[in-house]
Amino acid sequence: MQGWPILPLSFRFIAWLSMALAAGVPANAQQAAAPIQFELQRLPFQLDSSQSAAKNVPETMAGGVAVFDYNGDGRPDIYFTNGADIATLKKSSMKYANRLFRNDGNGKFTDVTEQAGVAGTGFDVGVAAGDYDNDGHPDLFVAGVHGNTLYHNNGNGTFTEVTRKAGLDKVNDPEFGPLWAVAAVWVDVNNDGLLDLFVVNYLQWEYSPQPKCIVEKVAEYCHPRYYKGQPNQLFLNQGDGTFKDVSKEWGVREHVGKGMGAAMADYDLDGRPDLFVTNDAEYNFLFHNTGNRFEEVAFPANVALAEDAAFISGMGADFRDVNNDGMPDIGYVALKSQTFPLYLNTGKGDFTEATSPSGMRVLSLGMSGFGAAFVDFDNDGWKDLIVTRGEVTSVYPPGNAFAQPNSVFRNLGASGKWAAYTAEAGFTDTTVARHRGCAAADFDGDGRMDVVATSLDRPAELWMNHSPHAGHWLAVTLTGVKSNRDGIGARIKVTTKAGTQYNHQTSSTCYASSSLGPVHFGLGEETKVLKVEIQWPSGMVQSLENVDADQVLKVMEPAPARR
């Protein structure tokens with residue numbers, strides 16, 4: 001397995017395998033320019049995970065980023081998580097500070113970390129944005145190594161750290177030791193109008209000043225097999241600013257894994273949100289929501305393993321309808337030689353893997369991915385896939401091949417096929433890095449979705465979408481009334497003369513990251529939407545007809561009828 005060193009394969013054989021796989025990947029459509037094109041804009045932030053000669057595993061796992069409108073001005077802002085001193089897990093220097101950048105428009109961003117009060121104190125990995133108290137101001141949950149943080153948005157440009165007050169400060173598990181959280185999902189599991197919190201935990205790890213794994217006389221990050229796993233957690237929102245740990249009661253705690261990514265969707269359309277979790281070199285989890293408990297159904301649903309029935313290093317994931325049949329599908333990424341699995345929802349409670357038939361297997365075999373997000377970048381009505389790429393390791397394979405450019409996979413529509421673009425889309429060799437998190441938003445308001453990405457020890461990347469022939473678009477901003485205020489879990493159906501497509505509101509995507517904003521639809525050549533239908537988490541269905549394209553459509557859930 002590339003990326004995570006496996007003992008005792010020889011260095012020479014792994015290097016040969018890497019080159020052979022890379023040579024077998026087609027030249028990504030061999031076009032001078034892709035239909036999807038990005039232009040790089042650097043941001044004044046550099047992720048520092050305190051990498052050391054001892055190769056402690058958290059050093060290579062940092063890098064979540066959130067996009068959300070923290071001040072309500074209609075422009076998406078950016079929040080980066082950051083590492084800490086690996087020995088103490090404390091932010092002993094300002095170089096480790098998490099950073100919040102306010103979007104001032106016109107491509108300008110201002111660092112407002114200090115005044116907002118969100119610099120953090122520990123070794124932070126993931127972040128999830130969501131309005132947990134329904135006050136109209138999105139809050140932040142930051143997932144970290146042996147410590148998590150909840151920031152309450154005060155609505156005046158500042159945040160208050162309320163972790164202990166909210167009951168989210170207990171991370172020392174009596175059975176599994178200090179918990180290491182990588183990601184989190186805001187989701188209303190019981191549809192009571194309050195966002196609950198699902199936390200993805202990784203490995204039982206403790207700091208070592210000396211390397212634990214040596215490969216070809218070189219210190220390396222240990223493969224996950226050398227560590228025990230941890231269970232994920234579910235916290236129910238009590239409606240008073242506090243959360244209750246119901247991991248055991250809801251059937252989550254009994255499933256121990258090595259979680260790296262999580263995504264949310266109602267895959268069987270029963271009105272209850274479900275959760276997909278990628279595990280690193282373990283079986284994936286699919287938690288089916290029965291109303292008051294989750295049942296883990298990854299094997300019967302055919303998403304526990306990739307098509308080779310081998311463990312792969314599951315990283316970031318997304319859970320959305322990619323073939324416009326109304327059923328949420330699953331895509332996630334892994335390391336070189338493992339493929340980027342794609343599962344299509346059959347509509348019968350399970351999935352069929354389409355990695356090979358779609359062409360994704362051949363396109364991705366030579367790549368290592370960390371983040372994955374389905375977004376329609378060329379506005380043709382079909383969701384594309386952005387992948388942030390990079391190896392786990394810092395010395396494997398030789399020749400700096402551990403650093404990679406990002407790639408975008410264009411959805412070719414009804415054919416079910418994909419085309420991969422790297423340099424053609426703007427991701428040239430000058431941008432190679434060990435990329436990690438990503439989030440998508442329309443940062444400049446031109447109707448084309450842009451991407452922000454992180455990487456280890458490199459400046460953050462803001463990829464502005466300049467696709468030359470992008471179609472028309474519609475962005476839907478939801479305000480829940482009986483449902484949670486963000487409308488997380490709401491399912492949206494958009495119908496034009498060209499056809500129908502679906503999406504849903506969720507803030508969890510990519511790797512350890514969060515995108516909370518309008519739900520985006522590409523419309524191709526259509527300038528009018530015949531019908532927008534919203535199924536709210538409350539069960540209410542709302543319809544709007546004859547909607548103009550190329551706008552941000554603000555929709556408030558109708559208030560429940562009085563009895």
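Mind counting lysine pairs for me in the stretch 129-246? Cα separation below 20 Å, and the two need to be 8 or more apart along the chain or on different chains. Working shown, then result.
Working: Lys165/Lys244; Lys170/Lys228; Lys170/Lys244; Lys212/Lys228.
The number of close lysine pairs in the stretch 129-246 is 4.
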| query | Roughly how big is the chain's charge dipole about its Cα centre, with Cβ charges of +1 (Lys, Arg) and -1 (Asp, Glu), in debye to the nearest 20? | reply | 840 debye
| Total formal charge among the other residues, if their Cβ is under 13 angstrom from that of Glu545, Lys/Arg +1 and Asp/Glu -1 | +1
| field | Ser543-Asp73 pseudo-label distance in nm [points 7 Å out on the Cα-to-Cβ vector] | value | 4.0 nm
| Rg to Rh for the chain: what is it, with Cα atoms only and Rh by Kirkwood? | 0.93
| field | Candidate aspartates and glutamates for bridging to Lys108, where Cα separation is under 12 Å - those fewer than 8 sequence places away on the same chain excluded | value | Asp77, Asp444
| remark: Placing +1 on each Lys and Arg Cβ and -1 on each Asp and Glu Cβ in the chain, then taking the dipole about the Cα centre, the residue among Pro405, Ala265, Met61 whose Cα reaches farthest towards the positive end is Met61
| task | With runs of 4+ DSSP H residues as the only contributors, calculate the mean residue ellipticity of the chain at 222 nm using -39,500 (n - 2.57) per run, divided by the residue total and rounded to the nearest 500. | result | -1000 deg cm²/dmol
| Mind listing P(r) for the stretch 180-245? All alpha-carbon pairs, 5 Å bins, whole percents. | 4, 15, 18, 15, 11, 10, 8, 8, 6, 4, 1, 0
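Which value in Å does the Kirkwood hydrodynamic radius of the stretch 86-125 take, with 1/r averaged over all unlike C-alpha pairs and then inverted?
For the stretch 86-125, the Kirkwood estimate is 11.3 Å.
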| task | Decide, for the stretch 436-563, between rounded, prolate and oblate: order the square roots of the alpha carbon gyration tensor eigenvalues as a ≥ b ≥ c, take rounded if a/c falls under 1.5, and otherwise choose prolate if a/b is larger than b/c, else oblate. | result | oblate
| field | Candidate aspartates and glutamates - alpha carbon under 12 Å from Lys336, same-chain residues fewer than 8 apart omitted | value | Glu391
| task | Please list, or write none, the lysines whose alpha carbon is within less than 18 Å of the alpha carbon of Lys528, excluding same-chain residues fewer than 8 places away. | result | Lys493, Lys497, Lys554
| field | Extreme residue, positive dipole direction of the stretch 415-563, given options Ala423, Val541, Thr479 (C-beta unit charges) | value | Val541
| note | By accessible area (1.4 Å), largest first, Leu236, Leu100 order as Leu236, Leu100
| query | Quick one: Cα centre-to-centre distance for the stretch 227-259 and the stretch 48-119, in angstrom? | reply | 26 Å
| remark: Ranking Glu525, Glu175, Glu59 from most to least accessible area with a 1.4 Å probe gives Glu525, Glu175, Glu59
| query | Which sequence of Arg253, Arg293 reflects their accessible areas, 1.4 Å probe, from the largest down? | reply | Arg293, Arg253
| said: Check which residues have an amide H placed less than 5 Å from Ala490's amide H, if you skip close sequence neighbours. | reply: Gln505
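Percent relative contact order of the stretch 241-357, based on C-alpha pairs within less than 8 angstrom and at least six residues apart?
Relative contact order here is 20 percent.
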| request: Leaving ligands, DNA and RNA out of it, work out the accessible area of Lys95 with a 1.4 Å probe and give it in Å² to the nearest 10. | output: 110 Å²
| said: What does the extension gain come out to for Tyr207 and Ala119, with contour length at 0.36 nm per residue minus their alpha carbon separation? | reply: 29.4 nm
| query | Relative to the present Cα-Cα distance, how much length would full extension add between His469 and Arg293 at 0.36 nm per residue of separation? | reply | 58.7 nm
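Please calculate how many Å² of accessible area the chain carries per residue, with a 1.4 Å probe and no DNA, RNA or ligand atoms counted.
On the way: 20220 Å² over 563 residues.
Accessible area per residue: 36 Å².
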| Taking the simple approach of a point 7 Å from Cα along Cα-to-Cβ for both Thr346 and Gln41, what is their distance in nm? | 4.6 nm
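The values are calculated or read from the model by the stated rules, or taken from the named source; none is laboratory data. Quick caveat, the model's predicted, so the values are computed rather than measured. Please note: Cβ atoms are built from the backbone with ideal geometry, for glycine as well, and neighbour counts cover all protein chains shown. Heads up: the accessible areas ignore ligands, DNA and RNA and are worked out on the full protein's heavy atoms, side chains in. Shrake-Rupley method; radii C 1.70, N 1.55, O 1.52, S 1.80 Å.
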